[in-house]
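S.K.: The structure that follows is given in the form of structure tokens.
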Amino acid sequence: MNRYLPVARQHFLAALASTSVVVKTICAVVVLLYLLSWAVDTPYALGVTPGYLFPPNFWVWTLVTHGVVEQHVWGVAANVGTVMACGRLLEPLWGALELLIFFAVVNVSAGLLAGFSYLLTYVATFDLDFLFAVRVHGAAGFLGGVLVALKQTMGDTTVLRVPQVRLKAAPALVLLLLALLRLSGLLDSSAPLAAYSYGALSGWVYLRFYQRHSRGRGDMSDHFAFASFFPEALQPAVGLLAGLVHSALVKIKVCRKMVKRYDVGAPSSITISLPGTDPQDAERRRQLALKALNERLKRVEDQSAWPSMDDEEDEDEDEVRTDTQPLLPGGRDPSSSSTPRTSGESSIISFEDAPSRS
């Protein structure tokens with residue numbers, strides 16, 4: 001085990017060196033606050049506590065800091081790994097500034113929604129533990145947003161081959177895993193589950209309606225609809241419910257109405273394009289399609305070649321020529337016989353004068 005640690009450390013440092021200043025800064029803050037947690041209760045001071053988040057205390061800075069606060073080594077590894085994966089896979093498509101905006105939007109939204117949900121739970125149960133005993137912190141919220149973003153950009157990528165699991169199913173599978181861990185008692189709090197759920201939801205809302213790029217804002221494609229996060233059997237019902245909620249949010253000016261653009265000046269027939277489709281995402285899909293086509297063509301070329309028509313005709317002529325030349329008794333060819341033949345002599349042997357046997 002010890003011989004693999006230097007190799008893993010070398011690969012980690014190489015991957016970290018290739019990332020931007022934003023990723024390096026976030027990772028450094030996570031490690032620094034973990035070391036500080038040995039002397040100070042960082043989850044209390046920097047994590048979201050629902051009772052302190054709202055007036056009269058109003059600890060609003062915790063909405064920004066709770067995403068980089070960790071108390072355990074595995075939490076630090078998960079947090080740093082999530083940020084680095086985001087830097088390697090999403091930052092080349094978005095840029096460092098957009099990555100920082102996404103990090104801030106997801107963490108602030110996840111902390112605010114989680115605190116508000118615990119406040120509503122207190123109103124329903126009058127249990128003060130939901131206000132002052134809960135600490136929302138860690139990478140769970142940002143992990144949910146990153147998995148949603150990876151579903152948008154790399155949803156067709158296969159994560160596991162046996163059983164076959166694609167990246168587009170990762171957000172739902174991680175949510176199910178956290179729910180099972182909470183029900184089994186391995187998670188001592190429901191805060192990671194709540195933070196992950198709200199992080200995934202806020203990440204989807206931002207990417208769906210508000211993210212700015214070269215084609216406008218948001219991503220209104222069908223493969224990124226809210227119903228696509230659920231199993232196929234539930235998608236019709238979820239799609240209907242999501243459509244009603246979206247219509248209500250459009251009326252109160254929270255979300256934008258989905259608009260289709262028609263390019264009637266295109267060289268071909270009418271071209272329909274949806275606003276919010278990233279050209280890089282379209283180029284990625286085109287490259288995947290070309291790769292699949294090349295693989296199919298290569299498999300066809302590897303098969304045995306069909307014989308040409310000329311070869312088949314030559315073989316047929318040889319067979320006809322051989323069959324039309326009868327042999328003399330003893331297997332001799334009549335053309336090779338030394339006895340000369342007249343022009344009127346037939347080449348067919350007649351057995352009419354042969355003596356009959358009784």
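The values are calculated or read from the model by the stated rules, or taken from the named source; none is laboratory data. What you are looking at is a predicted structure, and each value in this text was computed from that prediction instead of being measured. Here Cβ is always computed from backbone atoms with ideal geometry, including for glycine, and neighbour counts include all displayed protein chains. For accessibility, only protein heavy atoms count, side chains too; no ligands or nucleic acids. Shrake-Rupley method; radii C 1.70, N 1.55, O 1.52, S 1.80 Å.
S.K.: By accessible area of protein heavy atoms, probe 1.4 Å, what ranking do Trp74, Trp61 get, highest first? Write out the running numbers ahead of the final one.
M.R.: On the way: Trp74 185, Trp61 120 Å².
Most to least solvent-accessible, the answer reads Trp74, Trp61.
S.K.: Follow-up question, since we're still on this one. Anything over 30 Å Cα to Cα? Flag those among Lys168/Lys291; Lys24/Lys291; Lys151/Lys257; Lys24/Lys257, in the order listed.
M.R.: Checking Cα-Cα distances, Lys24/Lys291; Lys24/Lys257 exceed 30 Å.
S.K.: Sorting Val40, Val22, Val106 by accessible area (1.4 Å probe), largest first, what list results?
M.R.: Order by accessible area, largest first: Val40, Val22, Val106.
S.K.: Per the Kirkwood treatment, what hydrodynamic radius in Å, one decimal, follows for the range 158-229 from the mean inverse distance over all distinct Cα pairs?
M.R.: On the way: mean 1/r = 0.0710 Å⁻¹.
Its Kirkwood hydrodynamic radius stands at 14.1 Å.
S.K.: Rounded if a/c is under 1.5, else prolate if a/b beats b/c, else oblate: with a ≥ b ≥ c from the C-alpha gyration tensor eigenvalues square-rooted, which is the range 1-103?
M.R.: Numbers: a/c = 3.23, a/b = 1.46, b/c = 2.22.
The shape class here is oblate.
S.K.: Moving on. Excluding same-chain residues fewer than 8 positions from Lys251, which lysines have a Cα within less than 25 Å of its Cα?
M.R.: Lys260
S.K.: How long are the three semi-axes of the equivalent ellipsoid of the range 124-264, in whole Å, if each is the root of 5 times an eigenvalue of the C-alpha gyration tensor, listed from largest down?
M.R.: Ellipsoid half-lengths, sorted descending, are 29, 21, 15 Å.
S.K.: Label-point separation (nm) for Leu128 and Ile252, each offset 7 Å from Cα along Cα-to-Cβ?
M.R.: 3.2 nm
S.K.: Using a probe of 1.4 angstrom, how much of the accessible area of the range 48-162 is carbon and sulfur, in percent? Don't skip to the end; give the middle numbers.
M.R.: Numbers: 3710 of 5180 Å².
Here carbon and sulfur together make up 72 percent of the probe-accessible area.
S.K.: Modelled label-to-label distance, Ser221 and Leu32, 7 Å Cα→beta-carbon offset: nm?
M.R.: That separation, rounded to one decimal, is 3.8 nm.
S.K.: What FRET efficiency, computed as 1/(1 + (r/R0)^6) with R0 = 51 Å and r the Cβ-Cβ distance, is obtained for Trp74 and Leu297, rounded to the nearest 0.05? Could you put the intermediate results ahead of the total?
M.R.: Numbers: r = 47 Å, r/R0 = 0.92.
After rounding, the FRET efficiency stands at 0.65.
S.K.: Accessible surface of Lys298 in the full protein assembly, 1.4 angstrom probe, to the nearest 10 Å²?
M.R.: About 130 Å², ignoring ligands and nucleic acids.
S.K.: In Å, what is the Rg of the alpha-carbon atoms in the range 51-161, and how long is Dmax?
M.R.: Reported Rg and Dmax, both Å: 16.1, 53.
S.K.: Heavy atoms only, probe 1.4 angstrom, no DNA, RNA or ligands counted: give me Tyr52, Tyr44 ranked by accessible area, highest first. List each step's numbers first, then the result.
M.R.: Details: Tyr52 50, Tyr44 85 Å².
Largest accessible area first, the residues go Tyr44, Tyr52.
S.K.: Here is a further query. In the range 163-200, which residues have a backbone nitrogen under 15 Å from the label point lying 7 Å from Leu89's Cα in the Cα-to-Cβ direction?
M.R.: 165-175, 200
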